[in-house]
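Just so it is clear, none of the values below were taken in a lab; they were calculated from the coordinates. Treat the numbers as computed from the prediction; the structure is a model and nothing was measured. Methodologically, a virtual Cβ is constructed for each residue, glycine included, from the backbone with ideal geometry; neighbour enumeration extends over all protein chains shown.
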């Protein structure tokens, strides 16, 4: 607060000092008219006033970095000064008498007008210098500021060297210093890097402004000629100020002249420059876009939008090619390539271009992975058949989007004029397409990782669900050994098995395989468990059970999926096994006399209509004797295969059981598993594997 | 990963698909696309030749089931031929022979088609 206050006082102090010194000068001039020059250092006092005015202006000066605005300020101030000078010096006029080597004013009004004119022109000159400084130090190089400082010092040196010089005399030192100053103007004035960066419209504006400035300042120079009324006024006031003002006018004149000429020279290239600037801007934007890949639609929209900017195209569209792995999950009616975004063109037009003949831009870019440019759309043999388009095409350009050696899309741009695209356009669009390809690719990678995470979560959920679906305990029944081996090959398997006591005498066993894996398999499995638990007590006959289970599951299962199942009921008092098979691997009956497959007819659940299912299903019944074993399994056992694809098969399974029939259930189980593992040479299992061994030990 | 190939042929207006290699959950969509393409062209007489098919999983079998209804509704059929005994066994266990016409040779299937037409 204190500092601010101090600063404000400082500013007011400068103004008061300047004004006081100026008034002293004025009073001395008035006295001088009557009694001749009374005070030899009158010039110093007047210069002091201007120094104070300068400090005052400087304290309020806001640096502005736009040269065109500064130029405008010079023009406006110049015009105002011209108007005032015309009013004071020409309209009202001053009268001087030439006495010796001095100018003596004829009346007091001349003294006042001279002083007023001098203070206005002097302050204006200071402002002109400050404005020029701002223009010159725009985009400074190492010596820019130094050079300008030397220039100002040169002007001030010339000004000071003319102290107390009579109006029409000259000093050698002043002439030399002024000469050096002019040289310095030339050195400084060729610095105009700001012109290059102007847009075309701004360049035209600059030409108009610099030309006007030239006119205004030429007029000012004429008005302030040494012998004119205004010139005399300043010379009378102070010859030093005359040098300062003349120097400033010269500076403004030379600088505007050079600016005028060089803007004219730059005008023809301004279109190219404008385009380069917009190219740079859009490439810059795109590189920003690369980080904004979370929204794919936004991304492709921006790519087409920027294509219009980059090469001033009329319309643009982007076709995205689906990655191979995504293609597999597409429905056949969907195409692997689609229009992701378009600008100023209708989808029917795009389809028309792509579909109407054997040669299309699309297939050409896909095959060659090179840009295709058609300069004359109407007459080119490749496109001349394309009429009836809503939009008007003169030329068209198609460039491939390639990321990690993979064609991810095709970018199109069109213009209404023939030969609208030149080599530079092609290069820029290609560079642009590379950037866009990276962005598209990144966007996909991100999407993929999201997708993977989602699947992982789903899988975990399904796995949890499946664990709960498996029987938590195996029924413990006297004189029956029951052993289970079950291992899903993937996170979620399709194998299902369960046990249930229908009543005191009957044990129901179910084993099955749901086609497919993952979440859908877990879902069908859950449904199967529900069906098993609700139907097994209602339909103790395996055939009836399966017929009803088929009916229940058919209505909800996908037509591509099915469930293979064996449903067996063991009478634990008599040892009679009744079973029916719905497309599942036949189970094995290991009797003392023979080890054999039991394979009653039956088709998988959910495969055919109910009528067919009922028609074909059979029931089988076997009496177990002590030491007999029943082995149920899923195809994970028989289809276990070596690296070369040779399957374990049915005969090896039969063999393993034959060799171990007399062992306990647990030993039979382990023997089969170790036999399978040995055969697979410890390869990881490819499919879910489930094995149920039932051993009957009652005499 | 696994090599699976589909080849299309046509013989007197009957579409023949040759399957080769492993038809499993990964390759089943290819097979499905193949059949869909034929059906889209309103061709409903289809022979699937399994001569060079070395493996078929439940997902592969599911493809047949997905289209048989539509094909038969349009008075066509999918006949399966030239299976190795191993492949046949997979079809057989599930009860496919009860629902589909499985024939030893392509010629048999072609004859059957032309007779019925």
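Stretching residue A:218 away from residue A:116 to a fully extended chain increases their span by 34.6 nm, per 0.36 nm per residue minus the current alpha-carbon distance.
Only Cα pairs under 8 Å and 6+ residues apart enter the sum, and on that basis the relative contact order of chain A stands at 8 percent. Footprinting exposure proxy ranking of A:495, A:375, A:646, fewest other C-beta atoms within 10 angstrom first, gives A:646, A:375, A:495. Partner shielding of B:89-100 amounts to 6, given as the average count of beta-carbon atoms from other chains within 10 Å of each residue beta-carbon.
For residue A:276 and residue A:388, the difference between the fully extended length at 0.36 nm per residue and the C-alpha to C-alpha distance is 36.8 nm. In square nanometres, what is one fourth of the surface area of the convex hull spanned by the alpha carbons of the protein assembly as shown? That works out to 56.5 nm², a quarter of the Cα hull's surface.
Label separation (residue A:23 vs residue A:650): 12.6 nm, computed from points 7 Å beyond Cα along the C-beta direction. Given their separation in residues at 0.36 nm each and the Cα-Cα distance between them, residue A:487 and residue A:698 gain 72.9 nm when the chain is fully extended.
Taking other C-beta atoms within 10 angstrom as a stand-in for reagent exposure, A:304, B:81, A:72, A:642 fall in the order A:642, A:72, B:81, A:304, fewest first. The modelled label-to-label distance between residue A:678 and residue A:594, using points 7 Å beyond Cα along the C-beta direction, is 2.7 nm. For the pair residue A:199 and residue B:8, a Förster radius of 45 Å applied to the C-beta separation gives a FRET efficiency near 0.15, rounded to the nearest 0.05. By other beta-carbon atoms within 10 Å, ranking A:497, A:138, A:412 with the fewest at the front produces A:138, A:497, A:412. Taking every residue in A:557-564 and counting other chain Cβ atoms within 10 Å of its Cβ, the average works out to 5. If R₀ is 41 angstrom, what is the calculated FRET efficiency for the pair residue A:457 and residue A:284, using the beta carbon separation as r and rounding to 0.05? For residue A:457 and residue A:284, the calculated efficiency is 0.60. Modelled spin-label separation between residue A:450 and residue B:40, with each label point placed 7 Å from Cα along the Cα-to-Cβ direction: 2.8 nm.
In this calculation the C-beta distance from residue A:686 to residue A:501 is compared with R0 = 35 Å, giving a FRET efficiency of 0.50.
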